[in-house]
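These notes concern the structure reproduced below.
The values are calculated or read from the model by the stated rules, or taken from the named source; none is laboratory data. Only a predicted model underlies this, so the values are computations on that prediction, with no experimental measurement involved. Cβ: placed from backbone, ideal geometry, glycine included. Neighbour counts: every protein chain shown. We work out accessible area using only protein heavy atoms, side chains counted, and drop any ligands, DNA or RNA first. Shrake-Rupley method; radii C 1.70, N 1.55, O 1.52, S 1.80 Å.
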Amino acid sequence: RQQDAFEYFQHVLSLVERSRRTLGTDPSKAFSFKVEERIQCSSSLKVKYTSSVTNALSLSIPTEKATNKAEVQAFEDNRKVKEAAGEKVVDMVLPNVPLSECLSLFGEVEAIDDFYSSAIKAKTIGLKTNRFATFPDYLVLHMRKFVFADGWVPKKLDAQVDIPDELDLSSLKGFGQQSSEELLPEEEAQQSTQDATPRVVAYDNIVVLLVSMGFPQNRCEKAAIMTTNAGADQAMNWLLEHMDDADIDAPIQSGTSAPAEQSSIPE
């Protein structure tokens, strides 16, 4: 199958992790870190903290923050003229975006519409922020080079990112629940243990790939779960088929299971 560099990186780490018993150690842990997700109910101001383990930080590239916007616009205008005249464009001028702008976008507050708050037992707006709960020995940055054009058609983003010699991530460090914060109440489990079905946890490699294409994190995790981690293609197809579902952006409940006919996780 066709793979890009990031997919191959994930594949190699997966093989190393599977071989940890033979190796006696797991070198892939050098890339692992935890991401802290904080969601605040805008109505009650109560919060919820969750954390997930990943091996790469996936970042969007805000081309509107490019330092050479004037040059890029001039190039685009010139390219349209040349293409209309049937001439070939050779020298490309790409947006040059500082890495700091990509990290700032990662740390911004994201509004979640139709967030179900257990405090008010109704839907409201949730305010989500992501932070580092832990830092890895080696931080891998995955730049999202795809955006969606009209009709949800994937389009490759041509841009370059300016990487500094030194990187300070202290402003993105999470500290968990603060003394002034009150947690959202836990929802009581509704399903009997007698008819419990096998539970599926979203595979990080599928989620990261879908997020890199512009899909929201929650939708990506749900798609991976509902397709029992069969692969990124299957998860994307599920996403495109369920884009208009009323509960597509509803938070994933603890213990969410896949459809009965797909309840087992493939090796």
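Quick one: in the stretch 174-200, of everything that is aliphatic (A, V, I, L, M) and either surrounded by 13 or more Cβ atoms within 10 Å (Cβ to Cβ) or in contact with a His (Cβ under 7 Å, 6 or more places away or on another chain) (or both), which residue is modelled with the highest pLDDT?
LEU184
Taking the stretch 20-33 as the region of interest, how many residues are more than 22 Å from LEU57 (Cα to Cα) and surrounded by 13 or more Cβ atoms within 10 Å (Cβ to Cβ)?
The total comes to 1.
What tally of residues in the stretch 110-126 results from selecting those that are surrounded by fewer than 17 Cβ atoms within 10 Å (Cβ to Cβ) and within 17 Å of the chain's Cα centre (by Cα)?
2
Any residue that is in contact (Cβ under 8 Å) with a residue 12 or more places away in the chain and not acidic (Asp, Glu) - is there at least one of those in the stretch 73-83?
Checked the stretch 73-83: at least one residue is in contact (Cβ under 8 Å) with a residue 12 or more places away in the chain and not acidic (Asp, Glu).
Considering every residue within the stretch 91-109, establish whether at least one is open to solvent by 50 Å² or more (accessible area, probe 1.4 Å), at pLDDT below 90 and over 30 Å from TYR203 (Cβ atoms).
Scanning the stretch 91-109, I find at least one residue that is open to solvent by 50 Å² or more (accessible area, probe 1.4 Å), at pLDDT below 90 and over 30 Å from TYR203 (Cβ atoms), so the answer is yes.
Of all residues in the stretch 56-83, how many are surrounded by 13 or more Cβ atoms within 10 Å (Cβ to Cβ) and either assigned to a strand (DSSP E or B) or among the hydrophobic types (A, V, I, L, M, F, W, C) (or both)?
Going through the stretch 56-83 one residue at a time, the tally reaches 8.
Checking ALA74 against (1) more than 25 Å from ALA111 (Cβ to Cβ); (2) in contact with a strand residue (DSSP E or B) (Cβ under 9 Å, 6 or more places away or on another chain); (3) at pLDDT 90 or above, which test does it fail?
Going through (1) more than 25 Å from ALA111 (Cβ to Cβ); (2) in contact with a strand residue (DSSP E or B) (Cβ under 9 Å, 6 or more places away or on another chain); (3) at pLDDT 90 or above one by one, ALA74 breaks only (2).
Any idea which residue in the stretch 16-34 is modelled with the highest pLDDT, counting only those that are farther than 14 Å from ASN55 by Cα and assigned to a helix (DSSP H, G or I)?
It comes out as ARG18.
Quick one: would you say VAL147 is of a type in the set (A, V, I, L, M), out of contact with any helix residue (DSSP H, G or I) (no Cβ under 8 Å at 6 or more places or on another chain), at negative phi and open to solvent by 80 Å² or more (accessible area, probe 1.4 Å)?
no
Restrict the check to the stretch 228-240 and report whether at least one residue is surrounded by fewer than 17 Cβ atoms within 10 Å (Cβ to Cβ) and modelled with pLDDT of 80 or more.
Yes - at least one qualifying residue is present in the stretch 228-240.
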